[in-house]
Structure formats: C-alpha cells, structure tokens
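Asker: Below you will find the structure I want to go over with you.
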Number of protein chains: 2
Amino acid sequence: MVVTKRDITIKDVAKTANVSVATVSRVINGLDRVSEATRKKVLKVIDELNFVPNTIAASMVNKKTNMLAVVVPEIQNPFYTAVIGGTVEVAKKAGFVTLVVSTNGDEAEESTYFESFLGKNADGFILIGTHKTADFYQTIRKPTILVDRYIDNSGHDGVMIDNYRGAYEATKHFLEYGHTRIAIIDGKHDFNDGKDRYWGYQRAMVEGGVSPDPKYHKQGSWLEDSGYQSTLELMQAEVPPTAIFAANNLICQGAIKAIRDLNLEIGEDISLIGFDENELAEFVKPKVTVVRRPTREMGTQAAEMLIKRIKDKSTDETNPKKVILDVELMKYGSVKKMN
Amino acid sequence: MVVTKRDITIKDVAKTANVSVATVSRVINGLDRVSEATRKKVLKVIDELNFVPNTIAASMVNKKTNMLAVVVPEIQNPFYTAVIGGTVEVAKKAGFVTLVVSTNGDEAEESTYFESFLGKNADGFILIGTHKTADFYQTIRKPTILVDRYIDNSGHDGVMIDNYRGAYEATKHFLEYGHTRIAIIDGKHDFNDGKDRYWGYQRAMVEGGVSPDPKYHKQGSWLEDSGYQSTLELMQAEVPPTAIFAANNLICQGAIKAIRDLNLEIGEDISLIGFDENELAEFVKPKVTVVRRPTREMGTQAAEMLIKRIKDKSTDETNPKKVILDVELMKYGSVKKMN
DNA sequence: TTGAAAGCGTTACCAC
DNA sequence: GTGGTAACGCTTTCAA
C-alpha cells in the first residue's frame, strides 16, 4: 500500500531505468557528464521507487562517512548541551551527521565509546575528554578537536577559553571593590580548566597583596550540591568571607540557593561571582556577576575547525592549533563596594 | 612513532597472524568454533596492530549498523535534552550508538535529515516530529518510535504522557482552592501535546461550573518570552486572573519572571501552576506547583521499545503500541486557598 | 578447525 | 555519454 523507502538499491533503479548502475551513480552524485534525457529518466525512476542511496556503502569506497562524533562527560549539563548544539548546527550545514555519547567522566567508558565511533568510521572527533594524560589522545590518527579541556602533547587541535584570566578578573574585581576575605569554591583539579581557575584566583590575590586563606578554599565536586554545602559552611564559620567566587555554573547555582536559604542578601551580606551564565544567576536580584564564556561558539568553532581538517585531509599532529576564545566579566551588581 | 589506530584491516591481521580472514572474523565475533591456540594468536596480533574492526563494512553484509537516530525540534531545550540523554544511555548499554539532529521545528529540515539518517542505514528512529500529518510517517519502513507528539495512523509506536489529564488536574486544583478567574498561557495547537493541555483545562473549567473566559486564554509561542509578555498583559488587565496555568516549562519561566518584575508574590497575589519541572519553578519561594512528567524516562522507554523492535525485526505497522507515561501534580504551595 | 570465495551497495577507472 | 567491473572491509556459506 505504502511507498517503500529503502531496500531499493541502485541496481533496481538501473534496471527499471534501463541504464547501468554507473549511470545512476553519476546522476546521484551530480558531477559527471550525463545527457539531460537520461538524467531526467533516472531521476524519475529514483522518485517513483523512492530510492534513498546507501551512503554507508558509498563510504566504503570513498573512505568518508560524513559522520562527526562528539564525546562529552555528561549529556544533560547545559554547558555540554550548548557545545553539542553548536556542533550539530555546523555539522548539518556542511552535510555531516553527528554521533553523540556521554562518558559519565569515566576513562574506560570514554575509550570504549571512542573505539565504537572509530569502528563506525566517523570522519572526525570532538572530545571533551576525561583522560588525563596524552597517550590516549596520541593514538588517535583521525582529525580530532579537544574542547574545553586541553591536554598538552596530545597532538590535536583545541578550542578553549581563558580560564585563568576569567578567574583572575573576577578576583581582581572583588579586590578592587575592597574585599579581602574572598573565598573560592571549586572541585578537583583533574583538568586544566578547573586548575587554571584556581590559579587565576591565587595570582590575583597575591598580586592584590592578600594572602589567600586556605579556610576560604572549599574544594568539592563541581556539582550543585557541593556548591550549596560549601556555601553553608563558609557562611556559618566564625569569620565568614565577604565574597565568594563560584568556579562553575552548578556550584554557582548551589551557592545562590544556600544564600537564599540562609536568608542573606546577595550583593549586600555576601558578594558573589559565578563562572558561566546560568538560569538562576540571571534570575535573582541583583543579577549575579559572572565570567561569561561563549559556550555554543565553542561547539561551532570546534566543528568548523574539524570539518576543515577533514576536507584538507590533514591530521593535526604536525602543528596543533589552539584557539582560545574570550571570556568576559559581566558585572551585574552582586559585588558590594566595601571601600 | 605512535601506534596506529585504523587503516589496519582484517586482511593485515590475517596476514601477520598467518590465518585466513575468515578465521580472524570468527575470533572478532567470538561465536564460532576456533581453536584456543589460533584464537590467542589472532588476539595477540589484533592487539599489537591496534586493529579496530570496521563495523560499517560488517553492517553491509549483516544489514545492521547498530545506530539509532534521534530527531528533535530543538537540541538545547532541557526537555529534549532529557529525552536524548535517556536514549543515549539505553542505546549505549545495548551496543548502539546514537545519531542526533535538530530540525528547528521545520518540516522540510526534518525530511532532509531523516533521509540522511536513512541513507546512513540507522537501524531505528526516535522522532519528536514536526510533521503534522500521517503521510510522512507512513512511508517509514524501519522501526520508529514517536515521542511526545503522536500522529494517529502513522503506523508507529509512541511514547507519550497524558497531557490532557495533567492540565485537567492542574485546573481542578485551582478550582478546588476556590479560583474562578483561571488563565491559561499556551502556544499554537499544532500538535496533540499542546492541544490536549488546552482541552484538559477547558473540560475541568466546564465541569467545575466555570465558563472559561477567552480573555484569559493567552495563546503565544511556547517560548519564555511569550510567557513573560502574556503574564504582564494578564496581570495588567482591568480584572486580572487570580490563577495562571503555564502550559510548558519555558512559558512558566517567563511567567515567574514577569511576576517578579511586577513585584507580585507567587501564591499570594497570583497563583501559578506550571507544566514540567524547571530550574526557576523549583527555586522561587514558595516553589511553583507543577505537572511533572518523566522526561528522561520518555527517552529510555522509547529506546527500549525501539531496540526491542529492532531485535524482533518487527516493524510496527501491524499493531502500533502506545505507551502513556504518568504525570503527577506536584503541589508546592504556589496556589492560594480562596475559600 | 580452517580457508576460499561470493556478496553486501556503492564508486571510479577503463573501454567503447 | 555510457557500460562493465574491480575494489572497499567485512561475514558467511561451502568444502576440505
């Protein structure tokens, strides 16, 4: 009863159109010289039979699947979602489809799924990696872009932001407004992104002539709950800080909730700066000052670089390119002037 | 210098292991009888050569790519993200990888990308479709699950929630608390989900002996800004409603922001119920009562059903299965008692 | 237990 | 302009 999509092959088309498969292939791919008459004839048959070319078979001969693979730690964190969104958008415009998987931040999982994508012959990879050393990345011989977390000597391109500067600017902003009891809430320093934020904070403090008090460094898990707990602890200490730098989006959300639950006023009882925009930071009054990074753009950038690499057939090991996107301190009024 | 992944084929392995490709194939796939000695030998070579089987080539002969394709309107809306997340999780456990694309709610785009996935020989599809009529879906001859938006006579399975009941319960809750000026903010009735929510509201109103006032039906775009504007308009009318039902997550967020900007108090000056949980609804005090739906579970359910279909090699046109997941009214205190 | 060879749906080269 | 056919990397009969 219904038109059948698929299971029709190029041979069927050739047969009913009374031409060779070679000819059909030519009209499918457009580029070859074939008389207008046969072209029309073939096109008509393709339409009638509802023929969809098996691009996977084609990929066997031309060594190109037009598939991009994206590997992220966690598929529901808005930051990763934004990166994926940017990638998919650019990919589809360029005729690529996108494979996606999340690793739950587990190295073994990452290896497994990466290999699975390799087996599927993806043309290139965008990795927000979980592996901490270069050797995993070094064995990859296909165009690959490392996003957000960069591993030195990996031999691949990277798209990152200046975490160091972001944290530095935020901390300096506190100092300029007269704060000295400035706390930082972050997570494990497993990757450069988190580590750099911490050291950006450190440097600004020292440069500002304030020696950072370890009591004011709460190192938890990068998750909301950790931000919540750490904020409670900080604010209930004998000498609470006057300012808190929340080193990622989830920690910032946790901090906002904790401050609310303690019945404190942001920008009055406690100053706050977050890293990365988030729904809550934008909602509360005053809005929370944040270090803003171009999340979606990280995905589009990475995809563009990757597709270029693929088209140039250049692997990147010769001269890896590192693109550092700009961060910006968005001052919204959650920092009180103390002087 | 570095171990090479890929470009090594089964032939290379066979050659260096001094066996036939058939034998190598057997050990890769485990299932066949092959002596322990040769097995070990082959395995060793595979490891040394860092051989990753080309599963795409394999798929040509066994007609199975182990790829699932997910098509959503918008890749960054938390609802779709949750569905994708659930799907990916189930898929990878079952050995499938996931292709993802967003259509921007455009029928032509949907057709294009669907066809692209078809050409890639995906084994099955999960669609949050944009097409409004059955014919598009009817031509699909591969296992397919329609999620959230169901199209009758599509010939495919569906995973949905009871939008009608959700809206009905929400409205009834308002009525029971003595409200009569109950507004609803929704978007276009292009699909069953939105339409059902409206009619659930209608029925509850009528059953409650209140004839719905068209002034209190704001039909905008399903986006946050629309929810914001509609709320402003409603509350600035001569006779504002005492209760608002925000028919999706984004509209609800917009409503919350508008209420905040009008300096009104939720649950006091205006009662509010949302559809779908969201960050803001959970943050404000009192929390906003919402119709909760199991978003992530919709994805896992769909993936499980799909994989079962694929394994059974059953297309679904014979007896489509509709799974309706439960919604629940989470009463958090944003509805004032008027009687 | 192992190997040879056909075949999966394409493309691309080489003839005509 | 068009057709025949080898080749892509694998699986799976069929024989040995």
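Asker: If only one of B:LYS93, B:LYS172 is open to solvent by 10 Å² or more (accessible area, probe 1.4 Å) and free of Cβ contacts under 8 Å to residues at least 24 places away in the same chain, which one is it?
Answerer: None of the others qualify; the one that does is B:LYS93.
Asker: Residue pairs, Cβ under 6 Å, 6 or more apart or interchain, first in the range A:262-278 and outside the structural domain of A:CYS252 (by the TED database) and closer than 9 Å to A:LYS336 by Cα, second open to solvent by 70 Å² or more (accessible area, probe 1.4 Å) and at pLDDT 95 or above. List them.
Answerer: none
Asker: From the set of residues in the range B:55-86 that are closer than 19 Å to B:ASP312 by Cα and open to solvent by less than 10 Å² (accessible area, probe 1.4 Å), which is farthest from the other protein chains (Cβ to nearest Cβ)?
Answerer: B:LEU68
Conditions (1) more than 13 Å from DNA strand C (Cβ to nearest atom); (2) under 22 Å from B:PRO294 (Cα atoms); (3) touching a helix residue (DSSP H, G or I) at 6+ places or on another chain (Cβ under 7 Å), marked per residue:
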site	(1), (2), (3)
B:SER25	no, no, yes
B:ILE46	yes, no, yes
B:VAL52	yes, no, yes
B:ALA69	yes, yes, yes
B:ILE75	yes, yes, yes
B:LYS93	yes, yes, no
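Asker: Considering the range B:57-83 alone, what residues qualify as being closer than 13 Å to B:ALA303 by Cα and within 16 Å of DNA strand D (Cβ to nearest atom)?
Answerer: The answer is B:ASN66, B:MET67.
Asker: If you don't mind, there's one more thing I want to ask. State whether the residues of the range B:15-22 include one that is touching a helix residue (DSSP H, G or I) at 6+ places or on another chain (Cβ under 7 Å), within 14 Å of another protein chain (Cβ to nearest Cβ) and more than 9 Å from DNA strand C (Cβ to nearest atom).
Answerer: no
Asker: On to the next question. Search the range A:96-111 for residues being surrounded by 20 or more Cβ atoms within 10 Å (Cβ to Cβ) and more than 9 Å from chain B (Cβ to nearest Cβ), and hand back the single one that is nearest to B:PHE117 (Cα to Cα).
Answerer: A:PHE96
Asker: Of everything in the range A:40-54 that's surrounded by 17 or more Cβ atoms within 10 Å (Cβ to Cβ) and within 12 Å of DNA strand D (Cβ to nearest atom), which residue is nearest to the chain's Cα centre (by Cα)?
Answerer: A:ASN54
Asker: In the range A:112-133, what count of residues is obtained for those that are at the interface with chain B (Cβ under 10 Å from one of its Cβ atoms) and of a type outside the set (A, V, I, L, M)?
Answerer: 9
Asker: On the basis of being open to solvent by 50 Å² or more (accessible area, probe 1.4 Å) and touching a helix residue (DSSP H, G or I) at 6+ places or on another chain (Cβ under 8 Å), does A:LYS215 make the cut?
Answerer: Taking the combined requirement at face value, the residue does not satisfy it.
Asker: Please find, within the range A:269-302, the residue that is nearest to A:GLY194 (Cα to Cα) out of those that are open to solvent by 10 Å² or more (accessible area, probe 1.4 Å) and in a helix (DSSP H, G or I).
Answerer: The residue in question is A:THR295.
Asker: Look at A:ILE8 and say whether it is within 14 Å of chain B (Cβ to nearest Cβ) and in contact (Cβ under 8 Å) with a residue 12 or more places away in the chain.
Answerer: Against the criterion (within 14 Å of chain B (Cβ to nearest Cβ) and in contact (Cβ under 8 Å) with a residue 12 or more places away in the chain), A:ILE8 qualifies.
Asker: Test each condition in (1) surrounded by 21 or more Cβ atoms within 10 Å (Cβ to Cβ); (2) within 11 Å of another protein chain (Cβ to nearest Cβ) for A:PHE136 and report the one that comes out false.
Answerer: Only one criterion is unmet by A:PHE136, namely (1).
Asker: Taking the condition hydrophobic (A, V, I, L, M, F, W, C) and over 22 Å from B:ASP225 (Cα atoms), does B:ILE273 pass?
Answerer: no
Asker: Kindly evaluate B:SER116 against the criterion of being free of Cβ contacts under 8 Å to residues at least 60 places away in the same chain, crowded, with 16+ Cβ neighbours inside 10 Å, within 15 Å of DNA strand C (Cβ to nearest atom) and of a type in the set (Gly, Ala, Ser).
Answerer: Judged against the criteria, B:SER116 is a match.
The values are calculated or read from the model by the stated rules, or taken from the named source; none is laboratory data. All figures in this text were calculated on a predicted structure; none of them were measured in a lab. Quick reminder, even Gly has a Cβ in these numbers, built from the backbone with ideal geometry, and neighbours come from all protein chains shown. Ligands, DNA and RNA are excluded from the accessible area calculation, which covers all protein heavy atoms including side chains. Shrake-Rupley method; radii C 1.70, N 1.55, O 1.52, S 1.80 Å.
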